[in-house]
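The values are calculated or read from the model by the stated rules, or taken from the named source; none is laboratory data. Computed from a predicted model, the values in this text were never measured in an experiment. Cβ coordinates were reconstructed from backbone atoms using ideal geometry, including for glycine residues, and neighbour counts include every protein chain displayed. Note: areas computed on protein heavy atoms with side chains; ligands, DNA, RNA excluded. Shrake-Rupley method; radii C 1.70, N 1.55, O 1.52, S 1.80 Å.
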Amino acid sequence: MSGKEYRTITDVKGPLVFLNKTEPVSYGEIVQLMLSDGSIKNGQVLDTSDDQVIVQVFEGTASVDRQTGVKFLGDVFKLPVSKGLIGRILDGAGRPRDGGPDIVADEMADIIGAAINPYSRQSPESFIQTGISAIDACTSLVRGQKLPIFSASGLPHNDIALQIARQAKLVGSDDDFVVVFCAMGITAEEYNFFVHDLERTGALENSALFVNLADDPAVERLITPRLALTAAEYLAFEHDYHVLVIYTDMTNYCESLRQIGAAREEVPGRRGYPGYMYTDLAMLYERAGLVKGKKGSITQFPILTMPGDDITHPIPDLSGYITEGQIVISRELHQKGIYPPINVLPSLSRLMNAGIGDGKTREDHKSVSDQLYAAYAQGRELRGLVAIVGEDALNERDLQLLKFADIFEDQFLRQSRDEDRSISEGTLDLAWNLLSNIDTKYLVRLDQKWIDKYHPTEKSSNEEE
Amino acid sequence: MSKENGVIYRISGPVVTAVGISPRMYEVVRVGDEGLMGEVIELHGDQSVIQVYEETSGIKPGEPVIRTGQTLSVQLGPGLLTQIYDGIQRPLPKLEETMGVFITRGVDADGLDLKRKWEFNAVAKKGDEVSSGQVIGKVQETETIEHRVMVPPNVGGKVKSIKSGTFNITETVCVLDDGTEIAMMQEWPVRHPRPFVQKYAPDVPLITGQRILDFLFPLAKGGTAGIPGPFGSGKTVTQQQLAKWSDAQIVVYIGCGERGNEMTEVLDEFPHLIDPNTNKPLMNRTVMIANTSNMPVAAREASVYTGITIAEYFRDMGYNVALMADSTSRWAEAMREISSRLEEMPGEEGYPAYLSSRLAEFYERAGRVETLSGSDGSVSVIGAVSPPGGDISEPVSQGTLRIVKVFWGLDAGLARQRHFPAINWLNSYSLYPQALDQWYRDNIAPDFPEVRTEISTLLQIESELQEIVQLVGSDALPVDQQLTLEVARMIREFFLQQNAFHDVDTFSDLDLQYHMAKAILSFQEEAKKAIAGGAQLEDVVNVPARTDLMRGRFEKGYEEKISDLVSEMNKQIDASMEAN
């Protein structure tokens, strides 16, 4: 397209610029704004017609005036991709931030990304061991899954995400993960924390970082995750990498989405978020998975902070309907000093059943996990009852369950930030040890054959016979 | 109709405005240089507003818009079964062939294979007077399903010639006196219900093998059910269980705005599943529609209509069809998204004001009917609803509950305790038992309805007792009430809980369900007697044979063993009385 420059801006509203009398401009086309001081801003077409074009400006509209020149670049937003992305730190619009050279592109990839044909997907079923018992036993992660961390302000979600990034591995395989890290509106402090940790463990050279910080333009956040996922897709499906995408914080992303919606005077949905937020989030989260005929995979760990710890807020709610489960961080456990404070009861991994069991983790995994849930859930419920009637009113079974809930939190959930437990000896055997505090006849979720084989006391008595 | 051409005036996401054409409402048009498929959804002065079924970025004002004269239709004929479609009936395997693993745009694909040859066996004869809906020939479409080729709606007359043999679906197999040529394939606009003679009252249950559903909250063939539940409460698993095990002859499964990986699980798993009724692969009787959440939103809107039209077509052949839509909330959100792009005045929570009438129209296409050819066919519709935050006071849940006759209320609390299926027995309901009771008496057991009432009464009493237990602890209750709690626990853990991933437990037929319920009542009766005779509650509850009875349901051949297990349990309970 010609490099024609228009000076026909009529309105500027928040992050949006309205202009008229242009040649036909395509929907989604990228745009450059030439300001009078010589600086350049970038944007994208949101709405186009014969009469009017609406452009969303990534860097914000500060100092845009009616004389600002607008150039349509004749193409949709593309990211230069190559293996050279690994080890690099880029800003939220995909420009180098680490002082290094520009990325030499093997290919220019459309950042919107196309939907994977559901028929061409491969079922995710390779267990990823994170070394964190709560996750490995109760919400097992598999390669190709998208499993968000539902957290809230003041909780150690970043530590957990980093611990997963450090420790994640496939049992019985040397394949390493490449980490694509995407920051949206996090503070410089949080960012430094991530970078230092990745540096300390040597993971940085195996990572690609896309960083939009709290003081970077808010609208830019709308493209940052798309850049990160485009890079991830390229690495996974062109170069066979197993990619772990961590993005934080989805809540900031949704805020930006709302900002654009408000500026366009759209009819808002719940709590002012746009009605298309579900579709928009799906277009990010659904870029996880495995496809037939390709070796690589994309596993996603989005982190979102629930405003007011409210899991029914539209952001966690819509996310939960798209992602394959969630890991819920609990303020109550955190205040008890337990790390990682993962509340396994509302946490869930929808792909767990495909990734566990004989030949994958261990044959008794499912039973043990069900039993842990059931016993812990009942134990927690009993705490409420004890607060009213006192422990004396409880029967034998209830007392055992009550005690189990405490032991479970203290010994099973609690582990240190660099403790990497193996699934079989580290996590499942520990679970059996703890479950042996409950009389076997109350362990109704456990198949008798697993009791015979794994129960620490019942098992030994069998062997003596 | 001239092929008048217009141009694009405006593009805003999936909504495109065109000028220079005057199409009919819901006419299909081709948009832009790539000829993307779209549907006219609003006429506004000289502007036509079009929802486009494919991604619109890169399209410019001034590009052409071409009318087709057709409304959005599906192709109906042999070849539907075992197929996997997107929301506008494009076969996904075909799309993979033409564009690889990512769905790009501007690709057309026929819903049916037009080249494939089928063995057509005429059943009508020369000189027969045939009318709409009448079966004129048969095709063995899959091992288990015979496809009945019907006279298309609005066609009829005397057969001039008809021939059996091998044809593809567009070749003429029958000619009428007035020269009308009939082929195996017909087309039907998806937004119009297919015609039938009359609707019957539903009085035969749809058997699903899921104990809580069949026994406590049954659905009739031709009925409608809604499954609302928060995320993670097992909606999808329940829907898939129904698709696998329900005794409908044809299953249409619509993954509407579903997760890609879960859809893949279904697509991977289904071809390996065996239909318990025929011992043949389940896919033989299944049509799937998969429009995942990141596929274009307008095609998601269309997917439920595509699905129900296919279901009605099989109904017209005289089959019982079960249609699962997972999730109707995603469909409603697609409506909302398009409505907001149209800048329509919103109703509740931003949903369009016509939301509930659209929901009602959709569910109203269910039913057991007398077909045009006089046979009996049904479409049962089971719609999942995903209420935000699990709060069913929102518009989609409410709009659904006003229409459906069965409510299976999923409960996050139960899911958290790993009680599956996590259907709340206290707030779920079915309005069908009245109509179905006679069937149960005739086919299962004369006292079936009474047993059901006893079981549900016990659960109701338990919930009242639990309130007291919350305050004072269970030990403070009199022993007969403690026993009631034990019996109710047995109902929950032994009967209502059912493991969808267990080979045996995943399906129980109605006979077994009845016997399991009887076993529980028998335990209650014996235990009462024993306690009255001086036995300790704890001893009665802990007799080993009761554990055997409960664990036994995971073993093959349970239906043969259950009565022995019950008598053994009763014997041991009696013995516990003597021990004291």
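Some points to look at:
- Matching helices (runs of 4 or more DSSP H) fully within region B:518-580 where at least 3 residues are charged (D, E, K, R): B:544-551, B:558-579
- Search result, residues across region B:151-185 that are polar (S, T, N, Q), under 16 Å from B:LYS117 (Cα atoms) and part of a strand (DSSP E or B): B:THR166, B:ASN168, B:THR172
- Selected residue (criterion: farthest from the other protein chains (Cβ to nearest Cβ)) from residues of region A:39-80 that are in a strand (DSSP E or B) and touching a Leu at 6+ places or on another chain (Cβ under 6 Å): A:LYS41
- Helices (runs of 4 or more DSSP H) wholly inside region B:377-478 that include at least 3 residues being more than 11 Å from chain A (Cβ to nearest Cβ) and buried (at least 16 other Cβ atoms within 10 Å of the Cβ): B:395-401, B:433-443, B:448-472
- Scanning region A:275-294 turns up no residue that is farther than 14 Å from A:LEU235 by Cβ, within 11 Å of chain B (Cβ to nearest Cβ), in contact with a Cys (Cβ under 9 Å, 6 or more places away or on another chain) and of a type in the set (Phe, Trp, Tyr).
This table checks each residue for (1) of a type in the set (Asp, Glu); (2) surrounded by 18 or more Cβ atoms within 10 Å (Cβ to Cβ); (3) on the phi < 0 side of the Ramachandran plot.
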residue: B:LYS163; (1), (2), (3): no, no, yes
residue: B:CYS174; (1), (2), (3): no, yes, yes
residue: B:MET184; (1), (2), (3): no, yes, yes
residue: B:GLU187; (1), (2), (3): yes, no, yes
residue: B:PRO205; (1), (2), (3): no, yes, yes
residue: B:ILE212; (1), (2), (3): no, yes, yes
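- In region A:432-455, residue most open to solvent (accessible area, probe 1.4 Å) [restricted to those that are more than 14 Å from chain B (Cβ to nearest Cβ), closer than 20 Å to A:LEU413 by Cβ and assigned to a loop (DSSP other than H, G, I, E, B)]: A:ASN437
- Neighbours by Cβ (under 9 Å, 6+ apart or cross-chain): first from region A:240-267, free of Cβ contacts under 8 Å to residues at least 12 places away in the same chain and more than 17 Å from A:THR299 (Cα to Cα); second open to solvent by 10 Å² or more (accessible area, probe 1.4 Å) and among the hydrophobic types (A, V, I, L, M, F, W, C): A:VAL267/B:MET345
- If the condition is being farther than 22 Å from A:SER369 by Cα, assigned to a helix (DSSP H, G or I) and open to solvent by 10 Å² or more (accessible area, probe 1.4 Å), then region A:140-178 contributes A:HIS157, A:ASN158, A:ASP159, A:ALA165, A:ARG166.
- Looking only at region B:67-86, and only at residues there that are among the hydroxyl-bearing types (Ser, Thr, Tyr) and surrounded by fewer than 24 Cβ atoms within 10 Å (Cβ to Cβ), the one that is farthest from the other protein chains (Cβ to nearest Cβ): B:THR71
- Which listed residue is farther than 30 Å from B:ARG285 by Cβ and in contact with a Phe, Trp or Tyr (Cβ under 8 Å, 6 or more places away or on another chain), from B:GLN47, B:GLN51: B:GLN47
- Only residues that are touching an Asp or Glu at 6+ places or on another chain (Cβ under 9 Å) and of a type outside the set (Phe, Trp, Tyr) were counted in region B:547-565, giving 9.
- Residue check for A:SER369: more than 9 Å from chain B (Cβ to nearest Cβ) and of a type in the set (Ser, Thr, Tyr): no
- In the set (1) more than 30 Å from A:VAL243 (Cβ to Cβ); (2) surrounded by fewer than 21 Cβ atoms within 10 Å (Cβ to Cβ); (3) without any contact (Cβ under 8 Å) to a residue 40 or more places away in the chain; (4) not small (Gly, Ala, Ser), the condition left unmet by A:ASP102 is number (1).
- Residue pairs whose Cβ atoms lie under 9 Å apart, separated by 6 or more positions or on different chains, with the first residue in region B:225-253 and under 20 Å from B:THR309 (Cα atoms) and the second part of a helix (DSSP H, G or I) and among the polar types (S, T, N, Q), are B:GLY226/B:THR328; B:GLY226/B:SER397; B:GLY226/B:THR400; B:TYR253/B:GLN239; B:TYR253/B:GLN240.
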